[in-house]
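Q: Below is one structure. I have some questions about it.
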Amino acid sequence: MDSPGKLMTRDEMRRIATERIGTSGYELTFTDFCRLVQGPSYRQVLAGLLCTWFQYEIVGFDADTVIQSGLQETVSLQTLWLTIQSDKQKQYELYQRAMDFWR
């Protein structure tokens, strides 16, 4: 799946997310998820969710943005996105927050 040093293609990520939960109508693409992580106007809301759900924090800015665990380990954006997409409640909540910005 998400092995160190090997990035999945968008099609692979979409396939894995669909296999894990099917389609719910509340999916965010990986690209949209990255926009939320990197976008200064969105990241505060996303930061709150990531802290509550996983005790993660967003560090850095723009393309240098990373997610860190409480142990200061970098968390793979692909793995995090798939984890959220695989949890119907988290997926729904993230989608609703994103739509608050994008509608």
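The values are calculated or read from the model by the stated rules, or taken from the named source; none is laboratory data. Model, not experiment: these values are computed from the prediction. Reconstructed Cβ throughout: ideal geometry from the backbone, glycine too, with neighbour counts over all protein chains shown.
Q: Taking region 24-56 only, how many residues are in a helix (DSSP H, G or I), farther than 13 Å from residue 95 by Cα and over 12 Å from the mean Cα position of the chain (by Cα)?
A: Adding up the residues that qualify gives 4.
Q: What number of residues within region 31-53 are of a type in the set (Phe, Trp, Tyr) and within 17 Å of residue 87 (Cα to Cα)?
A: Residues that pass the stated criteria total 2.
Q: If a residue must be loosely packed, with under 12 Cβ neighbours inside 10 Å and within 25 Å of residue 24 (Cα to Cα), how many such residues does region 49-101 contain?
A: Number of matching residues: 5.
Q: Further question: For residues that are part of a helix (DSSP H, G or I) and among the charged types (D, E, K, R), scanning just region 57-103, find the one that is modelled with the lowest pLDDT.
A: So the residue we want is 62.
Q: Next question, about the same structure. Applying the selection to region 30-80, what residues are in contact with a Cys (Cβ under 8 Å, 6 or more places away or on another chain) and of a type in the set (A, V, I, L, M, F, W, C)?
A: Answer for region 30-80, where residues must be in contact with a Cys (Cβ under 8 Å, 6 or more places away or on another chain) and of a type in the set (A, V, I, L, M, F, W, C): just 77.
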